[in-house]
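Each remark here refers to the structure printed beneath this line.
The numbers here are math on the coordinates, done by the rules we state, and not lab data. Since the model is a prediction, treat every value here as computed from it, not as a measurement. Note: ideal-geometry Cβ built from the backbone for every residue, glycine included; neighbour counts use all protein chains shown.
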Amino acid sequence: MSAQLYLSDRHRAIAEATRAFAEKEIRPIAARLDENEEYPDALYKTMCALGMMGVSVPEPLGGAGADVLSYALVMEELSRGYSSVADQCGLIELVGTLLAEHGTPEQQDRYLRPLLKGERRCAYAITEAEAGSDVSGIRTTAEPRSGGGWRLDGGKLWIHNAPVADFAVVLARTDKEAGRRGMSIFLVDRDTPGYSIGRHERKMGQRASQVGALHFDAVHLGPDAMLGPQGRGFHMMMGVLDKGRVGIAALAVGILEAALEASVAYARQRRQFGKPIAGFQAVQWLIADMAKDTHAARLMVHAAAARMDAGERASLECSMAKCFASDAAVLHTANAVQVHGGSGYIRGIEVERLMRDAKITQIYEGTNQIQRMIMARHLLGEAAG
């Protein structure tokens, strides 16, 4: 039921190939990955070989060299198979973009190319106990060492891939007095002394996405560990958030599409009072609203991605797409459970997992409350405070 407006032949081919892969390789194992909280390393290596990781990273650096709309299409189709797999694709896209845009040739050889080949695994380490939506509240510090380089101290929590990452992209404060202009990004290898991994968190949904804490205790880093200019870390991280929000919005659309397909199939085959429940208006309206909002969310994602591909500022459109799509995913996966009745509440039924998987889309890449603040500021300017 995917919208086909404005898609080129290449876009259609990317979407169709990704959907076929997700249908064959991802959906059949999604329930197992969820139940066992399993990190599917072999699957990710296959996806790297097929060019599904680093979709918009330039080809000379090991990426697919496609546009943001292509990335959104890949995210939707992977998420329709299982959103944890799409989440991994999104993580690599953001880290890959940072390395492609700001990395030195040596950093790209050491981190980016192996990442896109599936030879190294990354973590994106921003969040701290006092710095979630307010990134400016980070307390992890990197202080200059007398012999050159940096000493990294602090900790991060709820970090995607922390339990399995071979290196982390870490935002730290290099000037305590400079606010947002006093943050820098560092590339930190797992085997560096002082780097340790905290508790592996058990999550409500997207359970195959590994999440945990990272600790840095007097980690000595060389001058070449800094990514991009000193003091520009906050702005660099924020610079990839529009793409990140398009990705999460597309991931939410994939969850919506899966919920819609499951609900339509179940309504046609489940019989009550002598006829399929698809014949009851109460069920019809649930499914009609599900289809309407899925279609609208998809078009919002495509519009935001197309604006980015045109080189235009798209923060407003990206926030709108992320907010709308994730709210719709939470609402309509609950409605999909309602369509399934008692069976929808049973572990192992797809819509039960989809409902759990959907909730985090309202939280990560900026909560939906933050998205509404961003929208209001764009629309109202200084009057919004």
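Data overview
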item: Amide proton proximity set for GLN210, modelled H, under 5 Å, gap of 5+; result: ASN161
item: Contour minus Cα-Cα distance for ILE346 and ARG27 (0.36 nm per residue); result: 113.0 nm
item: Farthest positive-ward along the chain dipole, Cα basis, beta-carbon charges - from GLY194, LEU251, HIS215; result: LEU251
item: Order of ILE248, ILE197 - criterion: other Cβ atoms within 10 Å of each residue's Cβ, fewest first; result: ILE197, ILE248
item: Under the Karplus curve 6.51 cos²θ - 1.76 cosθ + 1.60, θ = phi - 60°, whole-Hz ³J(HN,Hα) for the stretch 55-68, x wherever Gly or Pro sits; result: 4, 9, 6, x, 4, x, 9, x, x, 7, x, 8, 9, 5
item: The stretch 9-117 shape via C-alpha gyration tensor axes, a/c threshold 1.5; result: oblate
item: Proximal lysines to LYS243, defined as alpha-carbon separation beneath 26 angstrom and excluding residues fewer than eight positions away on the same chain; result: LYS45, LYS117, LYS156, LYS203, LYS292, LYS322, LYS359
item: C-alpha center-to-center spacing [the stretch 6-44, the stretch 313-338] in angstrom; result: 21
item: Residues with amide H under 5 Å from that of GLY198, placed H, sequence gap 5 or more; result: ALA213, LEU214, HIS215
item: Computed [θ] at 222 nm, helices only, for the chain once each DSSP H run of length n ≥ 4 contributes -39500 (n - 2.57); result: -16000 deg cm²/dmol
item: The chain, Cα convex hull volume normalised per residue, Å³; result: 138
item: Size of electric dipole in the stretch 9-117: Cβ of Lys, Arg +1 and of Asp, Glu -1, about Cα centre, debye, nearest 20; result: 260
item: Residue order, fewest to most surrounding Cβ atoms within 10 angstrom, among PHE280, PHE21, PHE234; result: PHE280, PHE21, PHE234
item: Relative pair counts by distance (%), Cα atoms of the stretch 231-385, 5 Å bins; result: 2, 10, 17, 18, 16, 12, 9, 7, 5, 3, 1, 0, 0, 0
item: Range in the chain, longest, excluding exposed GluC sites (Glu not before Pro) [loop by DSSP; at most 10 other beta-carbon atoms within 10 Å]; result: 178-311
item: Calculated from backbone phi, Karplus (6.51, -1.76, 1.60) coupling profile of the stretch 130-144 in Hz, x at Gly/Pro; result: 10, 9, x, 5, 9, 4, 5, x, 5, 10, 4, 10, 10, 10, x
item: Positive dipole terminus of the chain, leading residue within ALA325, GLN281, ILE126 (C-beta point charges); result: GLN281
item: Given charges at beta-carbon only (K, R positive; D, E negative), |dipole| of the stretch 241-384 in Debye; result: 400
item: Using θ = phi - 60° and Karplus 6.51 cos²θ - 1.76 cosθ + 1.60, couplings along the stretch 258-273 (whole Hz; Gly, Pro as x); result: 5, 5, 5, 4, 5, 5, 4, 4, 5, 4, 6, 9, 7, 10, 9, 6
item: Fewest-first ranking of MET226, MET375, MET236, using other Cβ atoms within 10 Å as the exposure measure; result: MET375, MET236, MET226
item: Loop trypsin sites (Lys or Arg not before Pro), the stretch 49-147 (other Cβ atoms within 10 Å of the site Cβ: 15 or fewer; DSSP); result: ARG139, ARG145
item: Cα-only radius of gyration and Dmax that characterise the stretch 122-236, units Å; result: 13.5, 46
item: Built amide H within the under 5 Å cut-off of TYR124, gap 5+; result: HIS160, VAL169
item: Acute angle (nearest 10 degrees) that the helix 315-340 long axis makes with the longest principal axis of the chain, alpha-carbon atoms; result: 40
item: Additional length obtainable on full extension of the chain from GLU16 to ARG377, 0.36 nm per residue less Cα span; result: 126.2 nm
item: Among ASP134, ASP357, ASP67, residue whose mean-square fluctuation peaks in a GNM of the chain (springs only between Cα atoms under 10 Å); result: ASP134
item: Gaussian network model of the chain, Cα within-10 Å springs - most flexible of ALA17, ALA329, ALA30; result: ALA17
item: FRET efficiency for ALA384 and GLN338, using Cβ-Cβ distance with R0 set to 35 Å, rounded to 0.05; result: 0.45
item: For the stretch 25-176, with +1 on Lys and Arg beta carbons and -1 on Asp and Glu, the positive-most of ALA64, GLN88, THR174 along the dipole; result: THR174
item: Test item: Cα-centred dipole of the chain, Lys/Arg +1 and Asp/Glu -1 on Cβ, debye; result: 760
item: Point-to-point label distance, GLN284-GLU261, nm (Cα→Cβ direction, 7 Å offset); result: 2.5
